[in-house]
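Asker: Have a look at the structure that comes next, please.
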Amino acid sequence: MTLQINGLSRRFGGLKAVNDVTTSIADRAIHSIIGPNGAGKTTLFNLVTGALAPDAGRISFQGQDITGWTPERLAGIGIARTFQRTSIFKDLPVVENVALSIRSRRGMNRSLMRSAATERSIDVEARDILAWVGLSSKEHIRAGSLAHGFQRALDIAIGLALKPKIILMDEPLAGMSRGDRETVATLITRLREEMGLAIVVVEHDVGMVMRLSDRITVMQHGKVIAEGPPAAVREDEAVKNAYLHGNFAA
Amino acid sequence: MLAISLALNGIVLGSVLLLFSLGLTLIYGVGRIVNFAHGALFSIGAMLGVWLAGQGLPMWLTLIVTPVVVGLIGAMLDWAILARIRDRPIVDSMLLTFGLALFITGILYEMGGRHVQMMPIPHMLEGATTIFGFTLPVYRLFVSLLAVMLAAGLFLFLKNSDWGLRVRAANDDPEMGACLGINREMLMHSVVGVSAALAAISGVAAAPIFMAYATVGDKILILAFMTVILGGLGSLRGAVVAAYVVGLIIVFGEGYLGGQMALMLLFVLVMAMLISWPRGFFGEGRTE
Amino acid sequence: MTDAVVLQSKNLAGERAPSRRPYLLAMIILAVLGATLPFWVTNSPFLLILASHAVVAAIVALSLDLLTGNTGLLSFGHAAWYGFGAYAAGLLSKNFSSEILVILPLTVMAASLTALAIGAILVRQIGKTFAILTLALSQIFYALVFVFSDRTGGEDGLQGVPIITAFGQTVASPEAWYWLLYGVLVASLAGALYLRTTPLGRAWLAIKENTERARFIGINTGALKLIAYVFSAGLASLAGALFVLFNGAVSPDVLHWFESGKILMYVVLGGVGTIVGPIFGAAAFTLTEHYVSSVTDAWLIYFGGLFVLIIIVAPGGLFGIAGSLYARLAAGRETRS
């Protein structure tokens, strides 16, 4: 098990946004979390990535308790994330976006040393990662002027540069054109096949989720209502019920 | 004995601060603008009030004319200047109001604001009165009552009027405000106008106590900033409580430690508060 | 502002921008002109003193850009650290030692340690709260001068700062002072430019651009902002220390929010984040202030008005304007050729 979540809860005022959630993410799994609007997917995501602190419950990663860790610390042990609204360093060149992440991983953020050799090796590594996500030849473009789909790929590249063991993706397909969705979906599969990562996807696009995932967790009203392989989840009565009650944005 | 007299004075200062900070909170809530020129508007109010009183206007009329005039100035400033940078990052709006503060202070300097001017207290409000065995100047009592009544009036207006509904909608969520079919520009003009009027009336009402000069608003602005941070940025009820807390801290600090030390004490308390309650007394301050 | 940032980032990427050479040439010429200034103004010692003030202003402008230009944190009370340095150095020179090599390190150390303690709380706040607190902090320092007026001279200012020595030699001539100040400016500028190329400097830019993303790639944004704040305060205090030793006296005005406004103006005028821009902003502003305020009393009106105007029409400052003009010219030339 890469990531283990036990009895995790978080409330906002009277609302139990995440209520006693227990689940685990296996190595090299593509594990999706779906559910109607307001099911608590995003809150769960924010709890796991350190953007929010839980009220109760534990999260552990490869046997290490990481409950309540800050995002900075989580990045340091190989937990990367991408953002629903693509989050990159828009005014910096594409290659620098990735280089920042590499330097951070190498613990150089407070370094006052400028070494040409180090920078060269960072540059080489950054270009490799960019090539892997399909951004070669765009290294020196201002990141903000990349097309939408490429920006999403860059967001993933920034995460990959952390050499993570798991990458959590917040609605990676949201707001994408059909072509871009295919590209990103392929990228997600390759992350597992070629990089050996575990991938957690919070997604609205149920069709794509069914196709991509090894395992799906369905949430409603802050609780897990079903979990299993896509075929089983599709047939689950509770899930069908949740669908029928309307607000699945399929 | 001293303590009770200080407490009464703290409430007076708190009341002025309340009125002043509500304007600051309002403009922040609706426009996400940190208005560094709010103190300069206070100074305009004080100086305009002294001038009007010097022209022989009775106190009650001065208390009406000054906020109306300054309110119009505020609305015009919003229309002419603040509206130019509506879609820019928040940093620009802070820089802009800071520049405005310098600009207005410069103008007030040229209009006689280099010298301290006195505002006479009208005969009716002169002297002192005794409450529960403690003497308090009548005018200070009057200022507190005026401030509290105006603040209460503003709250009622926000709660019950159409304008208040729009302000609250925009305060909660600018995008939702837009959904309610709010003309954002007109709303902002009116909010900045009302906010300026509140600054001005606190300036003129306090002028017999704090006097009138170009930079009289500086200190009150700092106190008001401490107030809105303590209350939580954008929280109206937080500002109410915090205004009196700050008023009392300052007056007690001045009474026991001396004037400048009081300000330091307040600053230290605010810093301590930020460590434990970064979102203010009611936890509703904005954190983004 | 964006234009300027783009310019910077192109250089960062190590890309060969074709526009780099004339720019460098202009800088070198200006630097040489600055260094040889005492030879040009031999007949008017006053001009040299004015230029010295401009150089001090440039150092303090640079110090603010270290914070604002690198991390995006806006300080409305930077005069606090400038004034801290001035008073600390003034008091040290009167009571402890007149050796500049003792005064300056002690002053900068004191300012940095104070900034570290206060900054640790300040940088954890959101930008708006940070801005408000910086203004409040400068008011506190201003008030402190009056609390300890028996030491600081209160309203009258700190007078009678002795003539100082460097390596035991007295430094008194305007020329010597000018070169000393100019040397510090050049060294600080080199330092700031170097910082921008280090991993730390680049991580700062990441914070300025997208703090949230920076956190999620493992950048400890709080710690890095604090480092920037301390560097910035330290350099500002150095400028303040040099000012008081050069000027021989200091008044509480250096801690007033007008002064903070001026420092902010240098940076805004020159272009936030451009490092070199604020230096020109400071020089241009200091000269203009001197000549305009000798003609009119209403200087503050012009100053405030210009401030407002710049924010509205040219948020990138002079450097931003120059940068975008140059980019347009260069683009025109390229399409033609």
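The values are calculated or read from the model by the stated rules, or taken from the named source; none is laboratory data. Given the structure is predicted, the values throughout are model-derived calculations rather than measurements. Using ideal geometry, Cβ is built from the backbone for each residue, glycine included, and neighbour counts are taken over all protein chains shown. Accessible surface is based on the protein model in full, side chains and every heavy atom, while ligands, DNA and RNA are left aside. Shrake-Rupley method; radii C 1.70, N 1.55, O 1.52, S 1.80 Å.
Asker: Go through the range C:142-168 and give me each residue that's under 25 Å from C:F246 (Cα atoms), open to solvent by 20 Å² or more (accessible area, probe 1.4 Å) and within 14 Å of chain B (Cβ to nearest Cβ).
Answerer: Scanning the range C:142-168 gives C:Y142, C:L144, C:F146, C:F148, C:S149, C:D150, C:R151, C:E155.
Asker: Check whether at least one residue in the range C:173-194 is part of a loop (DSSP other than H, G, I, E, B) and either at the interface with another protein chain (Cβ under 10 Å from one of its Cβ atoms) or touching a residue at least 60 places away in the same chain (Cβ under 8 Å) (or both), and report yes or no.
Answerer: no
Asker: Let me ask you something else. If you scan the range A:21-36, which residues turn out to be of a type in the set (G, A, S), in a loop (DSSP other than H, G, I, E, B) and under 17 Å from A:M219 (Cα atoms)?
Answerer: A:G35, the sole residue that qualifies.
Asker: A further question follows. Quick one: C:S251 ticks every box in (1) away from chain A (no Cβ under 14 Å); (2) crowded, with 21+ Cβ neighbours inside 10 Å except a single one, so which number is it?
Answerer: For C:S251, the failing item is (2).
Asker: Restricting to the range C:273-321, and then to whatever is among the hydrophobic types (A, V, I, L, M, F, W, C), surrounded by 21 or more Cβ atoms within 10 Å (Cβ to Cβ) and away from every other protein chain (no Cβ under 11 Å), can you tell me which residue is nearest to B:P89 (Cα to Cα)?
Answerer: The extreme case among them is C:F319.
Asker: With a cut-off of at least 1 residues that are under 26 Å from B:E126 (Cβ atoms), small (G, A, S) and at pLDDT 90 or above, name the helices (runs of 4 or more DSSP H) lying wholly within the range B:160-227.
Answerer: Per the criteria, B:184-210.
Asker: Determine which member of the set A:A185, A:A161, A:A143 is closer than 30 Å to A:F61 by Cα, within 14 Å of another protein chain (Cβ to nearest Cβ) and in contact (Cβ under 8 Å) with a residue 24 or more places away in the chain.
Answerer: Of the residues listed, the single one that is closer than 30 Å to A:F61 by Cα, within 14 Å of another protein chain (Cβ to nearest Cβ) and in contact (Cβ under 8 Å) with a residue 24 or more places away in the chain is A:A161.
Asker: For a quick check of your reading of the model, give me the residue pairs whose first member lies in the range B:256-268 and is touching a residue at least 40 places away in the same chain (Cβ under 8 Å), whose second is assigned to a helix (DSSP H, G or I) and among the basic types (K, R), with beta-carbon atoms closer than 9 Å and at least 6 apart or on different chains.
Answerer: The qualifying pairs are B:L263/B:K219.
Asker: Also: Applying the selection to the range C:76-93, what residues are touching a Phe, Trp or Tyr at 6+ places or on another chain (Cβ under 8 Å) and either more than 17 Å from C:V56 (Cα to Cα) or within 12 Å of chain B (Cβ to nearest Cβ) (or both)?
Answerer: C:F76, C:G77, C:A80, listed by residue number.
Asker: Within the range A:44-60, can you find the residues that are over 13 Å from A:L168 (Cα atoms) and of a type outside the set (K, R)?
Answerer: Within the range A:44-60, A:L52, A:A53, A:P54, A:D55, A:A56, A:G57, A:I59, A:S60 qualify.
Asker: Looking only at the range A:75-90, filter to residues that are open to solvent by 20 Å² or more (accessible area, probe 1.4 Å) and facing chain C (nearest Cβ under 8 Å); which one of those is nearest to the chain's Cα centre (by Cα)?
Answerer: Filtering the range A:75-90 for residues that are open to solvent by 20 Å² or more (accessible area, probe 1.4 Å) and facing chain C (nearest Cβ under 8 Å), the one nearest to the chain's Cα centre (by Cα) comes out as A:G76.
Asker: Please tell me if C:Q125 is at the interface with another protein chain (Cβ under 10 Å from one of its Cβ atoms), free of Cβ contacts under 8 Å to residues at least 40 places away in the same chain and out of contact with any strand residue (DSSP E or B) (no Cβ under 8 Å at 6 or more places or on another chain).
Answerer: Yes, satisfied.
Asker: Could you tell me which of the residues B:R140, B:R84 is free of Cβ contacts under 8 Å to residues at least 40 places away in the same chain, open to solvent by 40 Å² or more (accessible area, probe 1.4 Å) and not small (G, A, S)?
Answerer: It is B:R84.
Asker: How many residues does the range B:241-262 contain that are surrounded by fewer than 22 Cβ atoms within 10 Å (Cβ to Cβ) and not in a loop (DSSP other than H, G, I, E, B)?
Answerer: So the answer is 15.
Asker: I'm trying to understand the selection: among the residues of the range A:93-137, which are within 12 Å of another protein chain (Cβ to nearest Cβ), in a loop (DSSP other than H, G, I, E, B) and crowded, with 18+ Cβ neighbours inside 10 Å?
Answerer: Correct list: A:M108, A:N109.
Asker: Against the definition (of a type outside the set (G, A, S), more than 14 Å from every other protein chain (Cβ to nearest Cβ), in contact (Cβ under 8 Å) with a residue 12 or more places away in the chain and touching a helix residue (DSSP H, G or I) at 6+ places or on another chain (Cβ under 8 Å)), how does A:I34 come out, yes or no?
Answerer: yes
Asker: With (1) surrounded by fewer than 23 Cβ atoms within 10 Å (Cβ to Cβ); (2) in contact with a Leu (Cβ under 9 Å, 6 or more places away or on another chain); (3) modelled with pLDDT of 95 or more as the list, and B:T129 as the residue in question, which single condition is left unmet?
Answerer: Looking at each condition in turn, B:T129 falls short on (3).
Asker: In the range C:71-82, which residue that is under 20 Å from C:S188 (Cα atoms) and within 13 Å of the chain's Cα centre (by Cα) is surrounded by the most Cβ atoms within 10 Å (Cβ to Cβ)?
Answerer: Among those residues, the one meeting the criterion is C:W81.
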